[in-house]
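Scroll down for the structure; my scribbles are underneath it.
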């Protein structure tokens, strides 16, 4: 049985990691979060030690190591800007790291983590769950070796309330902004399917939404991301809080289902030695980092998704 630690136990995504650890037969020995709203632990690991002070958490992990009960994996669900430091902590504690997206905020952080991997002999894996989605696997099989250029449009709107802007997610320095926080796994998927990025344009960069254009090896991609419910299509508003759409050459790619167990699938792959490592994540981190620095330019045929739907009728 593999033993786990969890950093960021009160976070939004932490229950998915708890469920995945439980599903693969792991044992969560210890968890940490500065906030103590972690009653969800009772559903999976009621005997896990829990700390709200990192120093006490660190001491407990070290005590386990010195007793010959070291942690095998540290799962990291902390705020984005802390991922780098927490991955370093995990490796220096003798554990492999399993880190939520985005692994880091900037590509040069990946180089530093690679040095820590080499120094410690431990490994960092990240959650790139869309690569495991059946629809995306089929998409890559269909377009991964295409000799034709494709036109792709991505729209992802996931409504967030007022709390979002008060939390660390509303601070660009901590979250990386909307494009990084909710878009990084889509950018990973797009470059995974359509090849390396040749051009990266920023067309819109606001607190609630972002939009841009990517020229990949095999596709021209226009994208729009938002956390504002007002951007939901009229036919969805009041019924759903999330809208996803990917079209390739005008054809809708259906991938609205199949998301529920992707974290468990990710853990299964990691435990089997097939997790996604530092180099797998580099392309998506380069995309979001460059987008944050890029000047805002006129849209490359970009229109708000509602305008696209109106004009196509």
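Residue 61 is checked against (1) modelled with pLDDT under 95; (2) part of a helix (DSSP H, G or I); (3) under 22 Å from residue 24 (Cβ atoms) and fails just one. What number does that condition carry?
(1)
Does residue 279 meet the test of being closer than 25 Å to residue 201 by Cα, surrounded by fewer than 16 Cβ atoms within 10 Å (Cβ to Cβ) and modelled with pLDDT of 95 or more?
yes
Of (1) surrounded by fewer than 21 Cβ atoms within 10 Å (Cβ to Cβ); (2) more than 22 Å from residue 78 (Cα to Cα); (3) modelled with pLDDT of 95 or more, residue 233 satisfies all except one. Which?
(3)
Could you tell me how many of the residues in the range 155-184 are within 15 Å of residue 241 (Cβ to Cβ) and touching a residue at least 60 places away in the same chain (Cβ under 8 Å)?
So the answer is 7.
Out of the range 5-31, which residues are outside any helix (DSSP H, G or I) and either within 20 Å of the chain's Cα centre (by Cα) or at pLDDT below 95 (or both)?
Of everything in the range 5-31, those that are outside any helix (DSSP H, G or I) and either within 20 Å of the chain's Cα centre (by Cα) or at pLDDT below 95 (or both) turn out to be 5, 6, 7, 8, 9, 10, 11, 12, 13.
Check the range 32-53 and report whether any residue there is under 21 Å from the mean Cα position of the chain (by Cα) and within 22 Å of residue 283 (Cβ to Cβ).
There is no residue in the range 32-53 that is under 21 Å from the mean Cα position of the chain (by Cα) and within 22 Å of residue 283 (Cβ to Cβ).
So residue 219 clears everything in (1) over 26 Å from residue 141 (Cβ atoms); (2) touching a residue at least 60 places away in the same chain (Cβ under 8 Å); (3) touching a helix residue (DSSP H, G or I) at 6+ places or on another chain (Cβ under 8 Å) except one condition, right? Which one?
(1)
Scan the range 255-266 and give yes if some residue there is out of contact with any helix residue (DSSP H, G or I) (no Cβ under 8 Å at 6 or more places or on another chain) and at pLDDT 90 or above, otherwise no.
No, that holds for no residue.
Considering each residue of the range 185-202, count those that are outside any strand (DSSP E or B) and either surrounded by fewer than 24 Cβ atoms within 10 Å (Cβ to Cβ) or modelled with pLDDT under 95 (or both), and give that number.
7
The rows are residues; the columns are (1) within 23 Å of residue 266 (Cα to Cα); (2) surrounded by 20 or more Cβ atoms within 10 Å (Cβ to Cβ); (3) assigned by TED's automatic domain parsing to the domain that holds residue 174.
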position	(1), (2), (3)
21	yes, yes, no
44	yes, no, no
61	no, yes, no
77	yes, yes, no
87	yes, yes, no
91	yes, yes, no
104	yes, yes, no
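Scan the range 118-128 for residues that are touching a residue at least 60 places away in the same chain (Cβ under 8 Å) and buried (at least 19 other Cβ atoms within 10 Å of the Cβ) and jot them down.
Scanning the range 118-128 gives 124, 125, 126, 127, 128.
Please tell me if residue 151 is outside any helix (DSSP H, G or I), at pLDDT 95 or above and either surrounded by 21 or more Cβ atoms within 10 Å (Cβ to Cβ) or touching a strand residue (DSSP E or B) at 6+ places or on another chain (Cβ under 6 Å) (or both).
yes
The values are calculated or read from the model by the stated rules, or taken from the named source; none is laboratory data. This is a predicted model, so every value here is computed, not measured. Reconstructed Cβ throughout: ideal geometry from the backbone, glycine too, with neighbour counts over all protein chains shown.
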